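All remarks here apply to the structure that follows.
The values are calculated or read from the model by the stated rules, or taken from the named source; none is laboratory data. Just so it is clear, the model here is predicted, and its values are computed rather than measured. A quick note on method: Cβ atoms are made from the backbone with ideal geometry, for glycine too, and the neighbour counts reach across all protein chains shown. Ligands, DNA and RNA are excluded from the accessible area calculation, which covers all protein heavy atoms including side chains. Shrake-Rupley method; radii C 1.70, N 1.55, O 1.52, S 1.80 Å.
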Amino acid sequence: MTERTAIVFGASGLIGSNLVRHLLANESYHKVTVLVRRSLGIEHSKLDEHLVDFADTNALNALIRGDDAFSCLGTTHKKAGSREAFQAVDFTLVHTLAQIAHGNRVTHLLLVSSLGANPGSPSAYLRTKGEVEQAVADLGFPRTSIFRPSILIGERNEYRLKESLAAAILSPLSLFLLGPLKRYRPIAAEQVAKAMIEVAAHPAEGLAIYQNEEIAAL
């Protein structure tokens, strides 16, 4: 696999920023396209950065072209300000970008979701994650890879109290989380990014879902 183009949605986030760094260092990709609201502040010959208005689908359509689309978008109810605003990012925007990528014949969509994602979940957060998983799977990409990490560890640009507390509590207990509980171990965002690139490096077809322990193993 050489001379491939990667497209990254959510490049400024915890996983996305790690992903961009590793993609730029990966010889399999000759171009890394990122669509962002604000510049990442990175200078690299392979980086193709575009400051975009995500409501302008015509402009997005001209930019979302390549081989592998990595979708790392995500917010929280608190940051978004309302359930509707959260839904607009975690479902509508993710699905819209995936639709454009599919229409432009991108062959592989790699989506960051969440441990416990389920369209039937009583949790609005996990229900939305499950619904967007189903929606992008239904688009029919030649290959769709969904990643369901647990609590993420890493330096964020924003402070998330609940996630920080959960990581602080669970991280020291990780060695004791065995068997079915292993999936709840916190995981470094960099591990998730590297696992996504590892999956993209090996040809396959159809839908695959990677749970937290599988991501860690990759």
Can you pull out the residues in the stretch 1-49 that are among the polar types (S, T, N, Q) and either open to solvent by 40 Å² or more (accessible area, probe 1.4 Å) or not in a helix (DSSP H, G or I) (or both)? THR2, THR5, SER12, SER17, ASN26, SER28, THR33, SER39, SER45
For the stretch 141-155, indicate whether the set of residues that are surrounded by fewer than 17 Cβ atoms within 10 Å (Cβ to Cβ) and modelled with pLDDT of 90 or more is non-empty. yes
Give the stretch 62-71 a look and list any residue that's surrounded by 14 or more Cβ atoms within 10 Å (Cβ to Cβ) and not charged (D, E, K, R), or say none. LEU63, ILE64, GLY66, ALA69, PHE70, SER71
Hey, can you tell me all the residues within the stretch 78-131 that are within 30 Å of ALA62 (Cβ to Cβ), touching a Leu at 6+ places or on another chain (Cβ under 7 Å) and among the small types (Gly, Ala, Ser)? ALA98, ALA101
Can GLY13 be described as touching a Leu at 6+ places or on another chain (Cβ under 7 Å) and under 22 Å from ALA188 (Cβ atoms)? no
If we keep only residues of the stretch 92-106 that are open to solvent by 10 Å² or more (accessible area, probe 1.4 Å) and not in a loop (DSSP other than H, G, I, E, B), then the residue nearest to ILE64 (Cα to Cα) is ILE100
Yes or no: ILE209 surrounded by fewer than 17 Cβ atoms within 10 Å (Cβ to Cβ), at pLDDT 95 or above and under 14 Å from the mean Cα position of the chain (by Cα)? yes
Residues of the stretch 50-59 being touching a residue at least 12 places away in the same chain (Cβ under 8 Å) and either open to solvent by less than 70 Å² (accessible area, probe 1.4 Å) or under 14 Å from ILE197 (Cβ atoms) (or both), which ones? HIS50, VAL52, PHE54, THR57
Scan the stretch 59-91 for residues that are part of a helix (DSSP H, G or I), more than 26 Å from LEU23 (Cβ to Cβ) and not basic (Lys, Arg) and jot them down. HIS77, ALA80, GLU84, ALA85, PHE86, GLN87, ALA88
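For (1) of a type in the set (Asp, Glu); (2) at pLDDT 95 or above; (3) open to solvent by less than 60 Å² (accessible area, probe 1.4 Å), each residue gets a yes or a no:
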site: ARG160; (1), (2), (3): no, no, yes
site: LEU170; (1), (2), (3): no, no, yes
site: PHE176; (1), (2), (3): no, no, no
site: PRO186; (1), (2), (3): no, no, yes
site: ALA193; (1), (2), (3): no, yes, yes
site: ILE197; (1), (2), (3): no, yes, yes
site: LEU218; (1), (2), (3): no, no, no
Looking only at the stretch 103-132, which residues are under 12 Å from the mean Cα position of the chain (by Cα), touching a residue at least 60 places away in the same chain (Cβ under 8 Å) and more than 18 Å from ALA6 (Cβ to Cβ)? none
Might you check whether a residue that is under 16 Å from the mean Cα position of the chain (by Cα) and more than 26 Å from ALA200 (Cα to Cα) occurs anywhere in the stretch 38-46? no
